[in-house]
1. Using 0.36 nm per residue of separation minus the Cα-Cα distance, give me the extension gain between GLN31 and ARG97 in nm, one decimal.
2. Neighbouring Cβ atoms within 10 Å as the yardstick, rank ILE23, ILE86 fewest first.
3. Please sort by residue number the trypsin sites (Lys or Arg not before Pro) in the stretch 59-90 whose DSSP state is loop and whose Cβ has at most 11 other Cβ atoms within 10 Å.
4. Please find the FRET efficiency linking SER90 to ASP55, where r is the Cβ-Cβ separation and R0 is fixed at 25 Å, and quote it to the nearest 0.05.
5. State the percent of C-alpha pairs, over all pairs in the stretch 17-98, separated by a distance greater than 20 angstrom.
Amino acid sequence: MAKPRKVRAKQKAVPEYLFRLFISGLTPRSQMAIDRLHEYCARHLKGNHRIEVVDLYQSPERAAQEQIVATPTLLKISPSPERRLIGDLSREDHFLRGVDIRSSR
């Protein structure tokens, strides 16, 4: 008689989020955006993210490449679709909705 096979439940793969934050120097507004992005990601993505910070004073060519017209600007690169938020990320609900993250609260 054949042994019954164990059926494994497929675990849903959680996509890794990649964010690119464009700033203009280390101004208080830029620092606020950086701090808030780290805080929101820690709270809602629990380590399943990467953050790249691009200072346009250090890499001005990136502004043209990525079509950045204001700072701070946040790009959600992955998972698709790409999203773009402009501002200091002061509203957590706008951040979550803007980058399409479902709150676990």
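1. Answer, rounded to one decimal: 21.6 nm.
2. ILE86, ILE23
3. Here no trypsin sites (Lys or Arg not before Pro) fit, given the DSSP loop and packing criteria.
4. 0.80
5. Details: 831 of 3321 pairs.
Across the stretch 17-98, Cα pairs with separations above 20 Å total 25 percent.
All of the numbers you see were taken from the coordinates with simple rules; none came from a lab. Just so you know, these numbers come straight off a predicted model, no measurement behind them. Note that we place each Cβ from the backbone using ideal geometry, even for glycine, and neighbour counts take in every protein chain shown.
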